[in-house]
C-alpha cells in the first residue's frame with residue numbers, strides 16, 4: 001500500500017503566481033482597450049478589418065501592460 005509522502009507535485013516555493021496574475025490582468029486590459037479602440041477607429045461592425053485591428057492592438061497592448069505592471073507595482077520590495 002502506498003502512503004502519501006506529503007510532497008506535492010509542484011512545491012509552493014517553485015510555483016510563482018505573480019506571472020500568471022500579471023499575464024491575466026494585462027490580457028484583460030489589452031483585450032478591452034484594444035477592441036474598443038479598434039471598433040472606434042474602424043467603425044465597420046460587420047467587417048473583418050476591426051477584428052484584425054483589435055487582435056493586433058490586443059497583442060501589442062498586452063505586452064506593454066505586462067511590462068508596465070511591474071513598473072507601477074513592483075513585485076519585489078527594495
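Within region 30-50, residues that are over 21 Å from residue 67 (Cβ atoms) have Cβ atoms under 9 Å from residues that are not in a helix (DSSP H, G or I) in these pairs: 39/45; 49/42; 50/42; 50/43; 50/44, counting only partners at least 6 apart in sequence or on another chain.
Can you tell me which residue among 24, 29, 55 is touching a helix residue (DSSP H, G or I) at 6+ places or on another chain (Cβ under 6 Å) and at pLDDT 90 or above?
Only one candidate qualifies: 29.
The values are calculated or read from the model by the stated rules, or taken from the named source; none is laboratory data. None of the values given here were measured: they were computed from a predicted structure. Backbone-built Cβ (ideal geometry, glycine too); neighbour counts: all protein chains shown.
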